[in-house]
């Protein structure tokens, strides 16, 4: 049961973040939806339609002051934080590593690693004082493998870092009854890939790369999050769930 727990979800204005927020709200959690884009957050919250169980907080996780403010707003409203879902992330257009600028590296590292670090660092003392908590990090299958002819080296490095960070936090903070797990999705339906799905031939080629012959939906990620938040996974920590339609099994 996760009813009554307080959950923070970063990147809540996007498709996966919205699905996670909706699922946790449906399960009875109080959900703090965090993101940089006020319009996206408001739209996502309106689609969820549960004003009683949702609150939006405008914050950029790459800025420490805004992270601290988000935590303060949550504590002031709900007194505690039981769950943190580090979902916010960014990806660059595929580009050969030697052509990337340091600014492009910095953008990826600032959000995918430092942003996640800041959120986790700030929430951990709250969870320790509460007597426990649950952290779920969203990585990517690109954190464990590379795709030929799709150069995303720095992005992949940041997502690999998320996986190792998950393991380290799980071991270091298990003594405080804080669990930390990771989800590594493959291709999930989103606005970025929607144009490919409108082309039947391109869609078939994309789907054929998965043993299940279908791409993932945001709800596939939110279902995994709900499991990792629940008592059904009370002895699960430091693990990475590959939510990828079987793709990693055939590599």
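Numerical summary
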{"item": "Stokes-Einstein D (µm²/s) once Rh is taken as the Kirkwood radius of the stretch 1-96 over alpha-carbon pairs, at 25 °C in 0.890 mPa s", "result": "184"}
{"item": "GNM result for the chain, Cα springs below 10 Å: residue of 158, 141, 101 fluctuating most strongly", "result": "101"}
{"item": "Two-decimal Rg/Rh across the stretch 135-251, once Rg and the Kirkwood Rh are taken from alpha-carbon atoms", "result": "1.02"}
{"item": "Share antiparallel - DSSP beta bridges, the chain, percent rounded to 5", "result": "0"}
{"item": "Principal-axis tilt of helix 38-48 within the chain, Cα atoms, nearest 10 degrees", "result": "80"}
{"item": "Separation in nanometres of the label points that stand 7 Å from Cα toward Cβ, at residue 92 and residue 145", "result": "2.4"}
{"item": "Pairwise FRET efficiency - residue 250 versus residue 102, Cβ, R0 = 51 Å, nearest 0.05", "result": "0.90"}
{"item": "Relative contact order (%) - the stretch 103-167, alpha-carbon pairs under 8 angstrom, separation at least six", "result": "40"}
{"item": "Rounded tilt (10° steps) of 116-130 against the dominant C-alpha axis of the chain", "result": "30"}
{"item": "Candidates 20, 221, 147: whichever shows maximal mean-square fluctuation once the chain is modelled as a Gaussian network with Cα springs under 10 Å", "result": "147"}
{"item": "Rounded tilt (10° steps) of 15-26 against the dominant C-alpha axis of the chain", "result": "40"}
{"item": "Kirkwood Rh in Å, taken over the chain so that all alpha-carbon pairs contribute", "result": "18.4"}
{"item": "Among 135, 81, 58, residue whose mean-square fluctuation peaks in a GNM of the chain (springs only between Cα atoms under 10 Å)", "result": "58"}
{"item": "The chain, relative contact order in percent, only Cα pairs under 8 angstrom and at least six apart counted", "result": "19"}
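Laboratory data are not the source of any read-out in this text; all were calculated from the coordinates shown. On a predicted model such as this, the values are computed, not experimentally measured, just so you know. Heads up, the Cβs are rebuilt from the backbone with ideal geometry, glycines too, and the neighbour counts pull from every protein chain shown.
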